[in-house]
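Please read the structure below before turning to the comments.
None of the figures in this text is laboratory data; all of them are computed from the coordinates on show. For clarity, every value in this text was computed on a predicted model and none was experimentally measured. Cβ: placed from backbone, ideal geometry, glycine included. Neighbour counts: every protein chain shown.
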Amino acid sequence: MSWLRFFRREERDAESVRDLQFYLDTETEDNIARGMSPEEARASAWRKLGNTSAIREEIYLMSTFAFVETIWKDLLYALRTMRKNPAFAATAILTLALGIGGNTVLFTVIRAVLLKPLEYGDPDRLVYLTLDNPKLNLKGKSFSLLRLDETRATVQSFSGVGAFLKNPESVTISGGGDPESLQQARVSANFLEVLGVQPLRGRGFLAEEDTPGGAPAAMISADFWRRRFGGDPQVVGTPVTLDSTPHTVIGVLPSGFAFPFAGVDVWVTKPSHWSGLPARFWSGSTPLNLYARLKPHVSLEQARAEMDVLQRQYARAHPERVDSKPGVSVLVTWLKEQVVANVGPMLWMLFGAVGFVLLIACANVASLLLARGSSRSREFALRSALGAARGRLIGQLLAESLALAAAGGILGVLLASWSLRAIPHIDALHLPRSGEIHLDLVVLGFTVALSIATGVLFGLFPSLQVSRPDLVDVLRESGTGAGRESSGRRGRLGFSLRSLLVVGQVALSLVLLIGAGLLMKSFVRLNSVDPGFHPTNVLTMKIALSPSRYDTDRKKAAFFGELARRAEAVPGVRSATIALSLPTTTSLNTNVGVEGQPPVEPVDQPIAQLQSITPGYFRTLGISLLRGREFHEADNSPGAPPVMIVNESFARRFWPNFPDGRNPVGQHVGEGLDKLKSAEIVGIVADVREAGLASAAGLEFYVPCVLHAPQVAYLAIRSEGDPLRFAGAIRSQVLAIDRDQSVADIKSMQDVLETTVGQRRLTMLLLAAFAGVAVLLALIGIYSVIAYQVAQRTHEVGIRRALGAESGDILRLVLGQGLMLALIGVAVGVLGAFALGRLVEGLLFQVKASDPGTFGVIAVLFLAVALLASLIPAQRAARIDPMSALRQ
């Protein structure tokens, strides 16, 4: 049969497929005309071709071959076109690379931090338990050991309940080298069992190792194992000395394991044995964080309902305890939500911002393609006149767009790979699971899909526009003028597609700019807050004393008193002090009561932060003394009468008329932590924002170090010049007192304070950078549209000038066009920013998400800058010579 000639492999091309399809269609129509049904007509046409299955296979092969061949030819043509226009190609590729690279970076971070399951066994069954009291605006409070034991004994929804000490501890490892300060986590013996994690080497904790008197055992991190023990495979069973107490290494945890905190070196049991509290308070006051594993077939809602019942039972059984107050509830959430709670909103907001940048980049490249397409309209008109189908033209133009997007995607991946190396080292981000952030096949798949979607997005509309030329008009024009209006067609509202793209760019960039402006205003207000102390030229370090070596208050107070005196004697040190905590670090709270005021039950007494200090604390940190005196050395000696200093908030709480009315100095206060029944107030100092600049000051009182000798304390010195240069000298003084004592967290006080605002600062800078790129692209878009319109309307401008129009008239005409585009974009952008304001609301400080000042100032500034972008092409239009324009 003559049709079999189409099945020879050397003739498998698109023309063969079209001819065969034409034959089948024609034969089918003839059969229908003879009275056959459509199905019978088609089957009869196939039968005339002979072996139906073989022919169908051949047609499929020919179609596939033709399709691949067409794509290959289109890609080659696209590469030749890019080579002929290197400036255009480089501009488009670089613009797309910035957008695609930024999206790749943010997607990689979000996938690792927010989307990937936790690397534990069956992580979707792990939950986190906290105490909340909405009536007192308290969230995320911890449990006591008493409550942990009762929960384990009664709860039915969980197969296991684990606990860990809320704060990491600093411990010193000694022997076998210089003393080294380590980060230690105190966990319950079943912590690995609840998480579903197996040690890399050795075993987990035994239940008897979590009881008073149990053998001291320790698990170590893989990094510490390699650093300290050289990766010795026989490390299990090795004795180590932690805070002068011998421990046995029983296991090594997997690489990257970061529970319950990042950067932990050592895990030990007995989570209630907190070094920050005397042993007599461990059972009732140690802050324990709880996590649990849901039993199979138990839902989160069922667990919450059971914890509500247990809370009511606990309140009836222990009415005297603070966690039994009305309004307290047990909040049960997924563990993963708790892990990422502090960074989730920030990451999603930045992902949205970089997505806006990519959309603006697509609009810019689409605008470039429209401008470039207008110069090729004669080419496409000729091809259409010669029989090229519109779909074929669109396919070729999309191939060019996809080639640009692919090049931009490759460059974007390279930029992302370079950027991702730095992210784990940016401490201000405070990213959990930062060790899991890396490029992988899923991320590369996302980038490929994003590149394809980007190529279609910015290439489709220009392809549709330039592939529909008016053949008569275009072919009638000269080669130079061909396509003059092809890409500038007006829509129903009087705007060309390029103008609409610019309006979208302006709107998106304005949303980003307003978001960055709100964060900047918020950050300025946050930085203007008085922290209550002067952080400049202050050096801090953390010192954790060994509980076995310093086992009495007298020994601890003697060590810290001697260290403060030695540090103050170092040349260049103005003053030195010891404190239980520093602003923005840990805190210790207790109930307080004032003598002579109406008594209340202990559960209803106000809670205040306890601060144990040596004389010189207020001078070293620069805290103002409002009334009375500071501590003297005599106040910090054993047997001295108990005294305290309170802050202004404390004075106003118990003496509301302060500074008028009764003088708090000389009054006596009792506190519950040390069972201090009566201490005389000798001074009142200014409030300090202990929890950070964004938090209000609370009640706080200070006692001499001898009254509450801490096991772990901070040394602070005020120096002349850079405080970090004194770190070595101060460490030498520590070793001179105790050669096995280490120090940790050596930082300037400014760096300590920065930790509370670092994430806000970085978020602001990133959003401002994205907004800057977006605004630049939008302004380029405005400039290019106005310049293009001026070039297209040169003849019209020449006629206007010939009829008497002045340069000022032309200038106002062109500037009006640019201003109109900017006004519409600004209006849409303001509405969008108002609608999306709630996304940044949680990051703002004393600034509303709908702040009218920020909206107004940014809108006006953007309009002014948009006018400047339109000014250059407007001036060019105003200088057009009418005779030259009319001769074109």
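Treating each Cα of the range 809-871 as an identical point scatterer and ignoring solvent, apply the Debye formula and state log10 I(q)/I(0) at q = 0.17, 0.21 Å⁻¹. After summing over all Cα pairs, the log10 values are -0.64, -0.82. With K and R counted +1 and D and E -1, the other residues having a Cβ less than 13 Å from that of Ser528 yield a net charge of +2. Full extension of the chain segment joining Asn527 with Arg47 gains 164.4 nm, where the gain is 0.36 nm per residue of separation less the Cα-Cα distance. Between the C-alpha center of the range 94-137 and that of the range 620-644 there is a gap of 47 Å. The simple Förster model, with R0 at 45 Å and r as the Cβ-Cβ distance, assigns Leu138 and Ala453 a FRET efficiency of 0.45. In the range 227-380, Cα pairs under 8 Å separated by at least six residues give a relative contact order of 9 percent. Restricting attention to the range 599-725, close to 45% of DSSP beta bridges with both partner residues there are antiparallel.
Which log10 I(q)/I(0) values does the range 313-365 give at q = 0.13, 0.27 Å⁻¹ under the Debye formula, counting every alpha carbon as one identical point scatterer? Debye curve over Cα of the range 313-365, log10 I(q)/I(0) at q = 0.13, 0.27 Å⁻¹: -0.60, -0.96. Take the Cα of Ala215, step 7 Å toward its Cβ, do the same at Lys325, and the gap between the two points is 4.5 nm. Neighbours of Gln611 by Cβ distance under 12 Å: Lys/Arg scored +1, Asp/Glu scored -1, total -3. Taking amide H positions as modeled 1.01 Å from N, with prolines and chain starts lacking one, the residues under 5 Å from His247 and 5 or more places away or on another chain are Val240, Thr241, Leu242. Computed extension length for Arg725-Leu206: 182.3 nm, one decimal, from 0.36 nm per residue of separation with the Cα-Cα distance subtracted. The packing ranking, built from the mean of other Cβ atoms within 10 Å per residue, places the peptides 355-362, 294-301 in the order 355-362, 294-301, highest first. With 0.36 nm allotted per residue and the present C-alpha distance subtracted, the Leu76-Ala835 stretch has 268.7 nm of extension available. Judged by the mean number of other Cβ atoms found within 10 Å, the most tightly packed of the peptides 501-508, 727-734 leads the ranking 501-508, 727-734. For the range 500-653, the relative contact order is 20 percent, taking Cα pairs closer than 8 Å that sit 6 or more residues apart in sequence and dividing their mean separation by the residue count.
Between Thr552 and Arg304, the distance separating the two model label sites (each 7 Å from Cα on the Cα→Cβ line) works out to 5.4 nm. If you take the Cα centroid of the range 268-343 and the Cα centroid of the range 193-261, the two points sit 26 Å apart.
For the range 114-163, what relative contact order do you get, as a whole percent, if you take Cα pairs closer than 8 Å and at least 6 residues apart? Before the final figure, lay out the partial values.
Details: 20 pairs, mean separation 9.3, N = 50.
For the range 114-163, the relative contact order is 19 percent.
Between Leu871 and Trp348, the FRET efficiency from the beta-carbon distance, with R0 = 25 Å, is close to 0.05. Please go through the residue pairs Lys325/Lys542; Lys166/Lys325; Lys542/Lys848; Lys270/Lys295 and name each one whose alpha carbons sit more than 32 Å apart in this structure. Flagged as over cut-off: Lys325/Lys542; Lys542/Lys848.
Packing-based ranking of 221-229, 415-423, 683-691 yields 683-691, 221-229, 415-423, ordered from highest to lowest mean Cβ neighbour count within 10 Å. When the Cα gyration tensor is reduced to axis lengths a ≥ b ≥ c, the ratio a/c is 1.5 or higher for the range 667-792, and with a/b above b/c it is classed as prolate. Quote the FRET efficiency, to the nearest 0.05, computed for Ser419 versus Ser732 with a Förster distance R0 of 51 Å and r equal to the Cβ-Cβ distance. It comes out at approximately 0.80. Panel note: the C-alpha atoms of the range 598-731, placed on their principal axes, show extents of 52, 36, 27 Å (largest first).
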